[in-house]
Amino acid sequence: MKLTYLSHSCFTLETSTHRLIIDPFLSGNPLATVSPDEIECDYILLSHGHEDHFGDAIAIAKRTGATIIANFEIATYCAHRGAKAHPMQPGGAWRFPFGRVKMTIAHHSSGLGNEDGTATFLGNPAGLLITADGKTLYHAGDTALFLDMKLIGELDKIDAALLPIGDNFTMGPEDAARAVEFLNASLAIPMHYNTFDLIKVDPKRFVDAVKAGGTGTARVMSIGETIEV
Ligand code: NI
Ligand code: MN
């Protein structure tokens, strides 16, 4: 699979047969270098309903005909607004034409902010395990560190783990390095940092903490960079 980092928690994934995008927050994202109009994809995967993850999902889905894969509440919300959507919930897996997606738990929240200061409830946050072309990628979404990551790593061999390191709203670099140990992930890639002042973090702290932990390898992807997983 070809993995490309588009900043924040947004990645595209190109399998041998399909194009996927995860958490397509591009409009209003100060680090994004790609406009949502340039995205061509078959599936859009969402970890939770916060604006910095949900982002341009509906606009991209309606323009491209891509199917949104998300929790039940987000899928219903998107379907009601004219997008194709496939509902899932944590613990469940489904075989799609490109491969398997399993939703995992995440410790966070998932409301979409309204203009009047209230939030629309959009179910529970999730992590995403994506298996395609014989490789498994774990996108943790936004989450605190949790011990059940050990179970996630035991049930599936994780080739690459995409982990939030920005602190304040999610794990910071040291907790994320502990997550790499729990998950037993071969490769760890940091995300969800430096987009806003509240999540300003030097990713070197994460790389050093993973090195000190002695398991796995951390790699900082630059924005726009593509690697083979
Ligand atoms: Ni969030
Ligand atoms: Mn977030």
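Just a few scattered comments:
- Checking Phe72, Phe121 one by one, the residue that is of a type in the set (A, V, I, L, M, F, W, C), touching a strand residue (DSSP E or B) at 6+ places or on another chain (Cβ under 7 Å) and farther than 15 Å from Ser9 by Cβ is Phe72 and no other.
- Among residues of the stretch 191-208 that are under 14 Å from Pro30 (Cα atoms) and assigned to a helix (DSSP H, G or I), those with a beta-carbon under 9 Å from a residue that is modelled with pLDDT of 95 or more and among the charged types (D, E, K, R) at least six positions away or on a different chain give the pairs Leu198/Asp167; Ile199/Asp167.
- Just one of the numbered conditions (1) within 16 Å of ligand 1 (Cβ to nearest atom); (2) without any contact (Cβ under 8 Å) to a residue 40 or more places away in the chain; (3) buried (at least 18 other Cβ atoms within 10 Å of the Cβ); (4) aliphatic (A, V, I, L, M) is not true of Met149: (1).
- All of (1) of a type in the set (Gly, Ala, Ser); (2) within 16 Å of ligand 2 (Cβ to nearest atom); (3) surrounded by fewer than 21 Cβ atoms within 10 Å (Cβ to Cβ) hold for Gly141 with one exception: (3).
- Scanning the stretch 12-37 for residues that are within 23 Å of Ile130 (Cα to Cα) and acidic (Asp, Glu) gives Glu14, Asp23.
- Test: residue in the stretch 220-228 that is buried (at least 19 other Cβ atoms within 10 Å of the Cβ), touching a strand residue (DSSP E or B) at 6+ places or on another chain (Cβ under 7 Å) and closer than 23 Å to Ile130 by Cα: yes
- Every condition in (1) buried (at least 24 other Cβ atoms within 10 Å of the Cβ); (2) over 20 Å from Leu6 (Cβ atoms); (3) touching a residue at least 60 places away in the same chain (Cβ under 8 Å) holds for Asp133 except the one numbered (1).
- Residue satisfying all of: in the stretch 105-130; loosely packed, with under 14 Cβ neighbours inside 10 Å and in contact (Cβ under 8 Å) with a residue 24 or more places away in the chain; nearest to Ile158 (Cα to Cα) among these: Phe121
- Taking the stretch 2-32 as the range and being under 15 Å from Ile189 (Cα atoms) and either of a type outside the set (Ser, Thr, Tyr) or more than 16 Å from ligand 2 (Cβ to nearest atom) (or both) as the test, the residues that pass are Lys2, Leu3, Thr4, Leu6, His8, Cys10, Phe11, Thr12, Leu13, Ile22.
- Strands (runs of 3 or more DSSP E) wholly inside the stretch 62-172 that include at least 1 residues being closer than 25 Å to Ala218 by Cα: 99-105, 126-132, 135-139, 160-164
The values are calculated or read from the model by the stated rules, or taken from the named source; none is laboratory data. Since this is a predicted model, take the numbers as computed values, not measurements. No Cβ is skipped: glycine too gets one built from the backbone with ideal geometry, and neighbour counts run over all protein chains shown.
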